[in-house]
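Down below is the structure, laid out as structure tokens.
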Amino acid sequence: MEKFADEAVIEVSSGSGGNGCAAFRREKYVPRGGPSGGDGGRGGDVVFTIRRNLRTLAHLRYKRVFKAENGRDGGGGGRYGRNGGAVIIPLPPGSLIRDAETGALIRDFSGGEDDFVFLKGGNGGWGNIHFKSPVNQAPRKALPGQPGKTALLRVELRIMADIGLVGFPNAGKSSLLDRFTNARPKIAPYPFTTKIPNLGVLTVGASVRDGAGGRDIILADIPGLIEGASAGAGLGIRFLKHISRTAALAFLVDLSDDNFLAAFDVLLGELEAFSPALLKKKRLLLGTKTDLSESEGRLAELAAKYPAEQVRGISVFSGEGITELAADIARLTEAAEKEAVPAGRFPVSSLPWTGWK
């Protein structure tokens with residue numbers, strides 16, 4: 001199976017501060033040298049950073065423990081210890097960090113965030129040069145470095161895309177993604193061919209003659225849903241969360257299936273059971289496989305049953321409706337973005353994190 005992971009549990013630790021040094025000057029002709037112990041270095045931080053080239057959390061499955069470097073101890077002659085290096089943990093866009101025990105949300109990387117310093121390293125201890133005073137000119141006191149902090153985290157990935165493709169297994173989602181984009185998902189004439197989410201980029205409005213660059217729209221193909229997916233049936237429940245961050249949805253109904261008229265209602269029911277907010281997203285209803293003889297006349301029946309929906313028939317094999325669908329997707333994405341919150345479609349969580357102070 002493909003190396004895809006959308007959840008991982010990791011242990012992270014910041015570095016401990018180095019110990020301060022208690023030392024005195026011992027030089028020729030300086031029989032009573034003063035204190036010269038330097039401070040310990042500061043421990044390294046735990047830092048999360050977003051990497052746009054990452055699409056999975058598989059790298060966190062192979063390395064689950066991340067520890068920053070400890071600060072070095074101070075030395076005599078006023079030498080300060082070196083600060084410990086930070087540990088940098090790369091994540092794909094759309095990741096969430098939660099407390100593994102309580103499930104509390106710590107950080108939501110759904111916008112254009114900078115690096116996030118989660119745990120700061122311990123401060124270095126003071127050397128005895130800090131404790132010199134008129135009444136204590138030879139202090140032997142030095143402070144130890146502060147210990148680092150450790151946390152157990154659950155990292156989740158929710159794929160960020162403009163359009164989410166939703167449908168029953170073998171409805172044609174992967175074929176449409178293959179036709180529209182450079183993504184090459186596995187395609188086969190049996191259900192549950194898609195076992196992981198696939199992303200592709202559809203470029204609309206591009207013109208070589210006019211030199212127009214066009215607009216990139218990200219499409220997400222999730223594994224097919226079946227009735228009861230919201231309660232754990234099939235593969236869909238594991239990946240339903242990935243369409244929660246899409247701007248809009250495209251529902252694919254296989255017109256060659258004898259139960260085509262009931263498919264859309266079942267899909268809406270599963271999405272509502274998982275999250276009612278999904279039904280508020282803008283959407284398209286696509287009747288697929290119009291080139292097949294058993295699909296003849298069924299597109300009109302589908303449109304008649306759902307007069308309030310935007311219905312379009314397509315065939316990836318013959319190309320029917322594909323050009324028009326690309327324009328529909330562009331308009332749908334633009335309309336969804338206009339309704340997004342002013343700060344961005346996916347605002348960063350403002351919940352403060354108060355743990356591990």
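What follows draws every value from the coordinates through simple rules; no lab data is involved. Since the model is a prediction, treat every value here as computed from it, not as a measurement. Quick reminder, even Gly has a Cβ in these numbers, built from the backbone with ideal geometry, and neighbours come from all protein chains shown.
Dipole check for region 1-157: with +1 at the C-beta of Lys and Arg, -1 at the C-beta of Asp and Glu, and the Cα centre as origin, the magnitude is about 1000 Debye. Take the Cβ atoms of GLU296 and ARG154, set R0 to 51 Å, and the FRET efficiency comes out at 0.55.
Here ASP221, ASP291 are placed in order of increasing Cβ neighbour count within 10 Å, fewest first, which gives ASP291, ASP221.
In terms of the Cα gyration tensor, with a ≥ b ≥ c the square roots of its eigenvalues, is region 4-94 rounded because a/c is under 1.5, prolate because a/b exceeds b/c, or oblate? Prolate shape, in that a/c is at least 1.5 and a/b is the bigger ratio.
Amide H to amide H distances under 5 Å link GLU320 with SER315, where only residues 5 or more positions off or on other chains count and H is placed in the peptide plane. Between VAL65 and ASP114, what FRET efficiency follows from the Cβ-Cβ distance if R0 is 30 Å, with the result rounded to 0.05? Calculated value: 0.75. When both bridge partners sit in region 1-156, DSSP labels roughly 75% of those beta bridges antiparallel. Structure note, pairs LYS173/LYS338; LYS28/LYS132; LYS305/LYS338; LYS281/LYS338; LYS173/LYS282: Cα-Cα distances above 20 angstrom occur for LYS173/LYS338; LYS28/LYS132; LYS305/LYS338. Under 15 Å from a point 7 Å along the Cα-to-Cβ line of GLU7: which residues of region 126-169 have their amide N that close? The answer is 153-159.
Remark: TYR62, TYR306, TYR29 ranked as TYR29, TYR62, TYR306, counting other beta-carbon atoms within 10 Å and listing the fewest first. Where the centre of each part is set by its Cα atoms, how far does region 130-164 sit from region 82-122, in angstrom? So the separation of the two Cα centres works out to 15 Å.
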